[in-house]
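Please read the structure below before turning to the comments.
Values in this text are rule-based calculations from the coordinates and carry no lab data. Just so we're clear, the structure is a prediction, and the values are computed from it rather than from any experiment. Here Cβ is always computed from backbone atoms with ideal geometry, including for glycine, and neighbour counts include all displayed protein chains.
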Amino acid sequence: MEQTDIKSLTLTELWEEFQGRGEKAFRADQVYQWMHEKLAEDISRMSNLPKAFREWLEKEYEYVTLEIVEIQRSKLDGTCKYLFRLPDGHVIESVLMRYRHGNSVCISSQAGCRMGCRFCASAIGGLKRNLRPSEMLEQIYRIQQDCGERVSNVVVMGTGEPLDNYDNLVRFIRLLSHEKGLNISQRSITVSTCGIVPGIRALAEEELSVTLALSLHAVTQEKRRELMPIANRYELKEVLDACGYYFQKTGRRLTFEYSLVQGVNDSREDAKALAALAGPLHAHVNLIPVNPVTERDFVQPGEKIIDNFKKNLEKCGINATLRREMGRDIDGACGQLRRKYLKGGE
Ligand code: SAH
């Protein structure tokens, strides 16, 4: 019989599990805190539980932990890239970024991805499988343990499309923001999507207050379709309407991510059109000069073009930031560390 993944259970579910066995209610609190607050690496470390109970837990449940395969530490800005091995052998990567306002971790939501965005390294090998809530949490837990500093922000912007793994994502958010766990404020959690319309609408109904980031990258349906196959499924207008709905339901300011690619989406007209889309939705624009990926030939625009693009947005009253490049000296672009590892093994 397959064991239940105990780290993916909510506190209420733990209560129910243990109650069925005649355990006292506080045992669920203790186990929950060991897993999600003290970040115990295995059940044997839960020192205030009776030995027989710990043995029962070990027999009954799967206790998911991630193994660190490799850590790359940037000498420039303290950014660290982690390569983890999942219990079934797949590898994923996560990034720790150190900002003045606190530590931020970028996690993967799937092993691989099936969205196929043209400029993205994660798309190259396709989707292996969805990550379970425990496997998303563990990326943060292991990083916090390794660096010995508190993680205050989480962005679901690593490999994978979070809204293609919807139920696990929502459960992960609830566990991560639970007061008896790491208690990370939902306002400090960002979910980035390539624009899966039903997923955006469903997330708006969850009564969560997480920030939604839309990977827009192009201002017309035609151009977007060239960069992102998902645009064949959902029209730009539908995606923007869903974003508007999310903003209306949650009151959370939206972010549009826009990867600048030389000669593709970096003209003054593009900037104007982008402003016209972002303005009515009160969206903040995050500009990311496209990260060169070995297997792809997209090129970053020059400094001046990037600067002008940002200025043109600001002239139209749009709040825009240029994403500071972190960890330039380590495998910088999304999914590249994992990609390199997988290629080495081929
Ligand atoms: N699937 C989600 C989250 C993962 S990608 C999404 O599409 O939003 C996180 C962000 O990095 C997205 O905006 C994605 O389009 C962008 N990205 C991927 N590869 C990139 C590259 N080579 N250069 C710049 N941005 C890239």
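Of the GluC sites (Glu not before Pro) found in segment 199-270, those in coil by DSSP whose Cβ has at most 10 other Cβ atoms within 10 Å are GLU207. Dividing the radius of gyration of the alpha carbons in segment 104-250 by their Kirkwood radius gives 0.97 for Rg/Rh.
What net charge do the residues around GLN30 carry, taking every other residue with its C-beta under 13 Å from that of GLN30, with Lys and Arg at +1 and Asp and Glu at -1? That sum, taken over residues with Cβ under 13 Å, equals +3. Dipole of segment 1-124 computed with +1 at Lys/Arg Cβ and -1 at Asp/Glu Cβ about the Cα centre; of PHE84, SER104, SER47, farthest Cα towards the positive end is SER104. Taking a straight Cα-Cα cut-off under 14 Å and skipping sequence neighbours fewer than 8 places away in the same chain, the aspartates and glutamates within cross-link reach of LYS75 are GLU325, ASP329, ASP331.
Among DSSP beta bridges lying fully in the chain, give the percent that are antiparallel, nearest 5. Percent antiparallel among DSSP bridges in the chain is about 45. Projecting the Cα atoms of THR159, VAL170, SER185 onto the charge dipole of segment 143-185, computed from C-beta unit charges around the Cα centre, puts SER185 farthest toward the positive end.
Pairs of C-alpha atoms in segment 4-62 farther apart than 20 Å represent 10 percent of all such pairs. Dividing the helix sum by the residues of the chain, where each DSSP H run of 4 or more adds -39500 (n - 2.57), gives a mean residue ellipticity at 222 nm of -10500 deg cm²/dmol. Straight-line cross-link reach from LYS304 at under 12 Å between alpha-carbon atoms covers these aspartates and glutamates, not counting any fewer than eight positions away in the same chain: ASP266. Start at zero, step by 10 Å, and the Cα-Cα distances of the chain spread as 5, 25, 33, 23, 10, 4, 1 percent across the bins.
Computed from point charges on the beta carbon alone (+1 for Lys and Arg, -1 for Asp and Glu), the dipole magnitude for segment 7-114 about its Cα centre is near 480 Debye.
Within the same chain, lysines fewer than 8 places from LYS7 are excluded, and of the rest, those with a Cα less than 24 Å from its Cα are LYS24, LYS38, LYS51, LYS59, LYS81, LYS128, LYS180. Remark: the chain carries a charge dipole of roughly 880 debye about the Cα centre, counting +1 on each Lys and Arg Cβ and -1 on each Asp and Glu Cβ.
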